[in-house]
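What follows is a short report on a single structure.
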Amino acid sequence: ESEEHTTFVVLGASGDLAKKKTFPALFSLFCEGRLPRNFTIVGYARTELSFDDFWERLSPGLSKVGAFFCDKGTLSVRLRGMSHICLFPDKFRERCTYFCGQYGSPDDAARLDKLLQDKHEAKFARANRMYYLALPPTQFADAVRAFKPLAWSQKGWNRVIVEKPFGHDLPSSDKLASELMAVLEEKEVGPTQTYRIDHYLGKEMVLNLMALRFGNVAFTPIWSNHYVANVRITFKEDIGTEGRGGYFDKVGIIRDVMQNHLLQMLTLVAMERPASLLDEDIRDEKVKVLKQIAPIKTEHVVLGQYTRSEDGKTPGYKDDPGVPADSQCPTFATLVMFINNERWAGVPFIMKAGKALEERMAEVRIQLKDVPGGLFGELARNEFVIKVQPNEAVYMKIYGKQPGLSNEVEQTELDLSLHDRFDIDRLPDAYERLILDCVNGDKRNFVRTDELREAWRIFTPMLHTIDGLAGGDAMPVTIHTYPFGSRGPPDSDALVQHFGYKRTTGY
Ligand code: BG6
């Protein structure tokens, strides 16, 4: 291990993603002692910046992470015998450097290669390079074409992490995938160079789905259309697009979170048991269940766009600079899909996602069928809930006898809230987990090309109709408005109820 050096090259280093997610994740992994012993981080961007200026830009993102680790009085503090100084930020800083270059320039790639070889890798027998493309996808192909082979390590692995959006529909996604595959290796068996991030796959409770499903025989019999009435996957944010409107308007909520994050959760709920925990066994099962999902029907979709809050204080979507006054972009959607196999035939999988709603929350809610017989009168349904955020938890809504002399039954929860049950100070951010997986060459939580293709196949016809691209007898889809901070358009509740969801009480 000491013979080995690893370089992390973060492209787009002065952008938002790098500042808010990539660097804080690397820093946190460093504080946890999880990064390889010998490593260098290169922030790569087009802007001419001194290292000090670059570091200053990163600092707000790092300080949150740093405050946690420093407050805990950690290793480096004890080493120095001083309780008020934490060396983590300084030690991390020493490992970082800034490189100004164009994306896709062979000269700059060669310059980077020389710097790495001469300055950082020379004394090591092995040298690995991870390229983190925190860039718009239009720049992916040019960037990798320059780095491979000009800045490719000849004595270790080379891996490239890419971030969505991977295209805006099936044809554009296929085009992007083939451009990348023309340069990078992506094999089902053996080493892969492409790591496509969906950060929901790095979230604690999303990772937990497999363990819950396949580690407990208790859930096996109920996990099908025999007992499940419907499955709801919900994503809510209590903030609007806040200055990101120019970008968001070209994307919309369906492409932003449903075609990727929510569909990944659905897949993990619905897939069959993989043959093993190996990357390809898991991804094979995911692709298999995706292939059994029919394209979403336009009549199974309700769209919304938020307007100014009811008290008039919070601006609406169209007030966001960069959003056209006649924008038809959905910031909210509820849609229903079906899986055509023995296990799930007839069970509606309902997805709901929206910005500017009443709370921030993401969860999977599996609602079971009514209790037959009516021994205790009409009871609300059992629900098995996986709360992804906030307050990560798994709970089951069940009935029990009211304690005491009463003979009544009442609804309660079997509740496994992570922060109550386990001694954890902090759960790692999804990006930490995924970067670490990439260092270890573990692909199971990254999205394979065929998986991405199936995801787009399910969503593309409906998206084309909404965008007015479908032609023919395509029905235009109404965009309902909803005030900032509300539950979304009432038509959404109507759709969900139509598909058999019964509201229960409690949380
Ligand atoms: C991103 C979307 O992929 O996920 C954002 O582009 C969204 O619009 C974000 O806010 C949500 O992620 P998280 O981890 O905050 O739930």
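The values are calculated or read from the model by the stated rules, or taken from the named source; none is laboratory data. A quick note: this is a predicted structure, and the numbers were derived from the prediction, not measured. All Cβ positions, even for glycine, are placed from backbone atoms using ideal geometry, and neighbour counts span all protein chains on display. The protein model used for the area step is the full one, side chains on, heavy atoms only, and it has no ligands, DNA or RNA in it. Shrake-Rupley method; radii C 1.70, N 1.55, O 1.52, S 1.80 Å.
When the residues of region 356-382 are narrowed to those that are open to solvent by less than 10 Å² (accessible area, probe 1.4 Å) and more than 15 Å from residue 265 (Cβ to Cβ), which ends up farthest from the ligand (Cβ to nearest atom)? Among residues in region 356-382 that are open to solvent by less than 10 Å² (accessible area, probe 1.4 Å) and more than 15 Å from residue 265 (Cβ to Cβ), the one farthest from the ligand (Cβ to nearest atom) is 367. When 133, 176 are screened for being away from the ligand (no atom under 16 Å from the Cβ) and closer than 23 Å to residue 9 by Cβ, only 176 passes. Condition check for residue 245 on (1) of a type outside the set (Val, Ile, Thr); (2) within 16 Å of the ligand (Cβ to nearest atom); (3) over 17 Å from the mean Cα position of the chain (by Cα); (4) open to solvent by 10 Å² or more (accessible area, probe 1.4 Å): one failure, at (4).
For region 143-156, filtered to residues that are touching a Ser or Thr at 6+ places or on another chain (Cβ under 9 Å) and not aliphatic (A, V, I, L, M), the residue that is least open to solvent (accessible area, probe 1.4 Å) is 153.
Any idea how many residues of region 153-167 are of a type in the set (Lys, Arg) and in a loop (DSSP other than H, G, I, E, B)? Lay out the reasoning, then the answer.
We begin by selecting, within region 153-167, every residue of a type in the set (Lys, Arg); these are 155, 159, 164.
Those left that are additionally in a loop (DSSP other than H, G, I, E, B): 155, 164.
Total meeting the criteria: 2.
Does at least one position in region 65-74 carry a residue that is surrounded by 19 or more Cβ atoms within 10 Å (Cβ to Cβ) and not in a helix (DSSP H, G or I)? Reasoning before the result, please.
So the first thing to find is which residues in region 65-74 are surrounded by 19 or more Cβ atoms within 10 Å (Cβ to Cβ), and the list is 65-66, 69-70.
In the following step, the residues that additionally are not in a helix (DSSP H, G or I) were identified as none.
No - not one qualifying residue is present in region 65-74.
Per-residue answers, yes or no, for (1) part of a loop (DSSP other than H, G, I, E, B); (2) in contact (Cβ under 8 Å) with a residue 40 or more places away in the chain:
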| site | (1), (2) |
| --- | --- |
| 406 | yes, no |
| 436 | no, yes |
| 447 | yes, yes |
| 469 | yes, no |
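Of everything in region 288-313 that is of a type in the set (S, T, N, Q) and either part of a helix (DSSP H, G or I) or open to solvent by 30 Å² or more (accessible area, probe 1.4 Å) (or both), the residue that is farthest from residue 341 (Cα to Cα) is 307. When restricted to residues that are within 16 Å of the ligand (Cβ to nearest atom), among the aromatic types (Phe, Trp, Tyr) and assigned to a loop (DSSP other than H, G, I, E, B), region 409-434 contains 0. Suppose the filter is within 16 Å of the ligand (Cβ to nearest atom), part of a loop (DSSP other than H, G, I, E, B) and surrounded by fewer than 19 Cβ atoms within 10 Å (Cβ to Cβ); does residue 391 pass it? The answer is yes for residue 391. In the condition set (1) within 16 Å of the ligand (Cβ to nearest atom); (2) surrounded by fewer than 23 Cβ atoms within 10 Å (Cβ to Cβ); (3) closer than 24 Å to residue 493 by Cα, residue 259 is compliant with all but (2).
Taking the condition of being closer than 29 Å to residue 371 by Cβ and within 16 Å of the ligand (Cβ to nearest atom), how many residues in region 221-242 meet it? Lay out the reasoning, then the answer.
Going through region 221-242, the residues closer than 29 Å to residue 371 by Cβ turn out to be 221-234.
Then drop every residue that is not within 16 Å of the ligand (Cβ to nearest atom), which leaves 233-234.
Of the residues in region 221-242, 2 are closer than 29 Å to residue 371 by Cβ and within 16 Å of the ligand (Cβ to nearest atom).
Might you check whether a residue that is touching a strand residue (DSSP E or B) at 6+ places or on another chain (Cβ under 8 Å), open to solvent by 10 Å² or more (accessible area, probe 1.4 Å), under 20 Å from residue 492 (Cα atoms) and not in a strand (DSSP E or B) occurs anywhere in region 315-326? Scanning region 315-326 turns up no residue that is touching a strand residue (DSSP E or B) at 6+ places or on another chain (Cβ under 8 Å), open to solvent by 10 Å² or more (accessible area, probe 1.4 Å), under 20 Å from residue 492 (Cα atoms) and not in a strand (DSSP E or B).
Does region 449-466 contain any residue that is in a loop (DSSP other than H, G, I, E, B), at negative phi and modelled with pLDDT of 85 or more? Taking every residue of region 449-466 in turn, none turns out to be in a loop (DSSP other than H, G, I, E, B), at negative phi and modelled with pLDDT of 85 or more. Screening residue 218 with (1) more than 16 Å from the ligand (Cβ to nearest atom); (2) open to solvent by less than 40 Å² (accessible area, probe 1.4 Å) gives one miss only, at (2).
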